[in-house]
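One structure is given here, and the rest of the page talks about it.
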Amino acid sequence: LLASLHEAMRDAVLARAEEGDRLRLVLLDQVAEIERLVGLIAADPSRTADAQRRRLTEQVNRLLDASQNFDAGRLHQEAVLLAARADVEEELNRLSAHVAAARDLLSSTGAVGRKLDFLSQEFNREANTVCSKASDIAVTSHGMSLKTVIDQFREQVQNIE
């Protein structure tokens, strides 16, 4: 009886280790996809200064056509505020740092489930901010894909101790 119990426990431990290895590979693939999408957002042509300037100029021209009275100083202040709000560089940098942290955790030993769960929340927070700041359909599309992969990552993390 004890020999059978010992064998069953050994088999259970081996099965858990194998499942953990498979989950690790799935999570590493998802982290790679997150990194790829962050790269696409970072490289999107709509994020260049010229593209932002063109978009802002078009918006300002539409406003000027609609109104005869405007304060040039106030318009400049608003333009600076809009440009600052639309900048997602900080979020992209944090997402890249989270990718590195996820890889470090996935290469470590021991229980990392809670840390990865927290990291998935941080991934999600940054992706939400990127989507809310996006001023171009391509960035929004990549941001939505990013959110989908992050959600899949979070679901898999729930299976880790």
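The values are calculated or read from the model by the stated rules, or taken from the named source; none is laboratory data. These figures come from a predicted structure and were not determined experimentally. When we count neighbours, we look across all protein chains shown, and the Cβ atoms used for this are built from the backbone with ideal geometry, even at glycine. Accessible surface is based on the protein model in full, side chains and every heavy atom, while ligands, DNA and RNA are left aside. Shrake-Rupley method; radii C 1.70, N 1.55, O 1.52, S 1.80 Å.
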Could you grab me the full set of residues in the stretch 138-161 that are of a type in the set (A, V, I, L, M, F, W, C) and over 18 Å from Leu82 (Cβ atoms)? Ala138, Met144, Leu146, Val149, Ile150, Phe153, Val157, Ile160
With open to solvent by 100 Å² or more (accessible area, probe 1.4 Å), of a type outside the set (Gly, Ala, Ser), modelled with pLDDT under 90 and under 30 Å from Leu106 (Cα atoms) as the only criterion, which of Arg54, Arg16, Arg22 stands out? Arg16
Looking only at the stretch 27-52, count every residue that is without any contact (Cβ under 8 Å) to a residue 24 or more places away in the chain, outside any helix (DSSP H, G or I) and within 10 Å of His142 (Cβ to Cβ) and tell me the total. 0
List pairs: first residue in the stretch 128-155 and within 16 Å of Val99 (Cα to Cα) and surrounded by 21 or more Cβ atoms within 10 Å (Cβ to Cβ), second residue modelled with pLDDT under 95 and of a type in the set (Gly, Ala, Ser) anywhere in the structure, Cβ distance under 8 angstrom, at least six positions apart or on different chains. Gly143/Ala134
Pick out, from the stretch 66-161, the helices (runs of 4 or more DSSP H) lying fully within it that include 2 or more residues that are among the hydrophobic types (A, V, I, L, M, F, W, C), under 17 Å from Leu28 (Cβ atoms) and modelled with pLDDT under 95. none
Against the condition in a helix (DSSP H, G or I) and within 15 Å of Ile160 (Cβ to Cβ), how does Arg10 come out, does it pass? no
